[in-house]
There are 2 protein chains.
Amino acid sequence: MEDLEIRAAAAEDVPAIVAMLADDPLGARRESLEDLAPYLAAHARLSADPNQHLMVAVRAGRVIGTLQLTVVPGLSRKGATRSIIEGVRVHSDERGSGLGTRLIEWAVDASRRQGCQLVQLTSDASRTDAHRFYERLGFAASHVGFKLQL
Amino acid sequence: MEDLEIRAAAAEDVPAIVAMLADDPLGARRESLEDLAPYLAAHARLSADPNQHLMVAVRAGRVIGTLQLTVVPGLSRKGATRSIIEGVRVHSDERGSGLGTRLIEWAVDASRRQGCQLVQLTSDASRTDAHRFYERLGFAASHVGFKLQL
């Protein structure tokens, strides 16, 4: 895990991020590498928002992981700011290497630096390995996550 | 439910919002009406962010409900934008009146107007009445929600 860099994703990183999003049992049905334009538009929107942090993990010039951290101010819990982790992916060649842990630890540290009092995420009910992973990192499976497709 | 207005929360609405956040089995342990300063600071931060919508439901000049809607761009799902609902509260005098439904319908419509493809929220595992409420409104309990206190 030497020489690993976790940095903000540039537009040039978008194809590698999309490839990781698609290389996943759920993502395979939802992503398309044929037209990158909507992904690049989303990257531009994220880059312009100071509360959004789309990150890549890079080693030897190769993008091997990604996650998105969103900082969300709020009134609840005495005006607490929370952060939300989305879109965590580790390249298939790198699974089991501890990179997922490194990415989540980065997100937790970044949340703390930005004054967040809570980090949250949801994981599809089918991803039982991911659930054990988050519990090992100290997260509590205290909530039910609801989604409505529009 | 006549003459109900759902509008952006002003600083003057913050005491009524905090009172509703505190009048709740979980909120009672987490909120404090003694010092409104952190809540007012959070309100100012939310008001300055175009992706944040802290709303109140008002009837006859009285604040009777609230929710927070956050618009989150992202790369996943072909660059889909999603929205996240947090801090839904209905005044104790108004429960069972359909106001919760009106608030969520407002959030779903607002999400659609802003081009979101997905609306999501998490609900504490103990709030089983809320879970039935969201499922009646078409939400799927497809995810596990994890939280880490910092």
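So, in segment B:64-101, of the ones that are open to solvent by 20 Å² or more (accessible area, probe 1.4 Å) and among the β-branched types (Val, Ile, Thr), which residue ends up farthest from A:Glu86 (Cα to Cα)?
B:Val90
Restricting to segment B:104-132, name every residue that is open to solvent by less than 50 Å² (accessible area, probe 1.4 Å), in contact with a Ser or Thr (Cβ under 8 Å, 6 or more places away or on another chain) and of a type in the set (A, V, I, L, M, F, W, C).
Once the filter is applied, which keeps residues that are open to solvent by less than 50 Å² (accessible area, probe 1.4 Å), in contact with a Ser or Thr (Cβ under 8 Å, 6 or more places away or on another chain) and of a type in the set (A, V, I, L, M, F, W, C), segment B:104-132 yields B:Ala107, B:Ala110, B:Cys116, B:Leu118, B:Val119, B:Ala130.
Restricting the search to segment B:65-84, which residues are hydrophobic (A, V, I, L, M, F, W, C) and touching a residue at least 40 places away in the same chain (Cβ under 8 Å)? Give the steps one after another, and end with the answer.
Let us first name the residues in segment B:65-84 that are hydrophobic (A, V, I, L, M, F, W, C), namely B:67, B:69, B:71-72, B:75, B:80, B:84.
Within segment B:65-84, B:Leu67, B:Leu69, B:Val71 meet the criteria.
Against the condition farther than 30 Å from A:Arg30 by Cβ and within 14 Å of chain A (Cβ to nearest Cβ), how does B:Ala10 come out, does it pass? Reasoning before the result, please.
On the way: farther than 30 Å from A:Arg30 by Cβ: yes; within 14 Å of chain A (Cβ to nearest Cβ): yes.
Criteria met by B:Ala10.
Please go through segment A:1-36 and pick out each residue that is open to solvent by 60 Å² or more (accessible area, probe 1.4 Å) and part of a helix (DSSP H, G or I).
Residues of segment A:1-36 that are open to solvent by 60 Å² or more (accessible area, probe 1.4 Å), as a first pass: A:1-3, A:5, A:7-8, A:12, A:23, A:25, A:28-30, A:33-35.
Across segment A:1-36, the qualifying residues are A:Glu12, A:Ala28, A:Arg29.
The values are calculated or read from the model by the stated rules, or taken from the named source; none is laboratory data. Remember, predicted model here, so these are calculated numbers, not experimental data. Don't worry about glycine lacking a Cβ; one is built from the backbone with ideal geometry, like all the others, and counts go over all protein chains shown. All accessible areas refer to the heavy atoms of the entire protein, side chains included, with ligands and DNA or RNA removed. Shrake-Rupley method; radii C 1.70, N 1.55, O 1.52, S 1.80 Å.
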